[in-house]
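Student: This structure is in structure tokens; I'll ask about it shortly.
The values are calculated or read from the model by the stated rules, or taken from the named source; none is laboratory data. Every value quoted in this text rests on a predicted model; they were computed, and no experiment measured them. Cβ sites come from the backbone with ideal geometry, for glycine too, and all protein chains shown count toward neighbours. For the accessible areas, the whole protein counts, side chains as well, though only heavy atoms, and no ligand, DNA or RNA atoms are used. Shrake-Rupley method; radii C 1.70, N 1.55, O 1.52, S 1.80 Å.
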Amino acid sequence: QVQLVESGGGLVQPGGSLRLSCAASGFIFSIYVMHWYCQAPGKQRELVAAITAGGRTSYADSVKGRFTISRDNAKNTVYLQMNRLKPEDTAVYYCNVVVQEADYWGQGTQVTVSS
């Protein structure tokens, strides 16, 4: 079965950095687009970044130039490097993949940006 396990969240000061990881299993990781979403309290879940099987990346306007998505197909892992973090980045961050038209999500990892 498809499993996604996020890690790397935590409390960080404004301007700081975090690196999120998502370990995937149960599907052929290397051929699928992987996504990172975030959900802040009282808001809808929204797409933060995506990376194709070939390594093409895309980002929400709010994180362009600050966040970098990457993948290591040998480790079945997708990463989100988050730099110059702002209080408004505070949210639960989820890893996502769509396999055979079914959406799969990890349990999420909390990112809190506060002084």
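Student: Identify the residue in segment 21-58 that is of a type in the set (Phe, Trp, Tyr) and more than 11 Å from the chain's Cα centre (by Cα) and, among all such residues, is farthest from Val5 (Cα to Cα).
Tutor: Within segment 21-58, the subset of a type in the set (Phe, Trp, Tyr) is 27, 29, 32, 36-37.
Remaining after also requiring more than 11 Å from the chain's Cα centre (by Cα): 27, 29, 32.
Working: Phe27: 14, Phe29: 13, Tyr32: 16 Å.
Looking at residues that are of a type in the set (Phe, Trp, Tyr) and more than 11 Å from the chain's Cα centre (by Cα), I get Tyr32.
Student: Report yes if some residue within segment 26-46 is open to solvent by 50 Å² or more (accessible area, probe 1.4 Å), modelled with pLDDT of 95 or more and touching a helix residue (DSSP H, G or I) at 6+ places or on another chain (Cβ under 8 Å); otherwise report no.
Tutor: Checked segment 26-46: no residue is open to solvent by 50 Å² or more (accessible area, probe 1.4 Å), modelled with pLDDT of 95 or more and touching a helix residue (DSSP H, G or I) at 6+ places or on another chain (Cβ under 8 Å).
Student: What single numbered condition from (1) among the charged types (D, E, K, R); (2) crowded, with 18+ Cβ neighbours inside 10 Å; (3) free of Cβ contacts under 8 Å to residues at least 60 places away in the same chain fails to hold for Glu6?
Tutor: Of everything listed in (1) among the charged types (D, E, K, R); (2) crowded, with 18+ Cβ neighbours inside 10 Å; (3) free of Cβ contacts under 8 Å to residues at least 60 places away in the same chain, Glu6 misses just condition (3).
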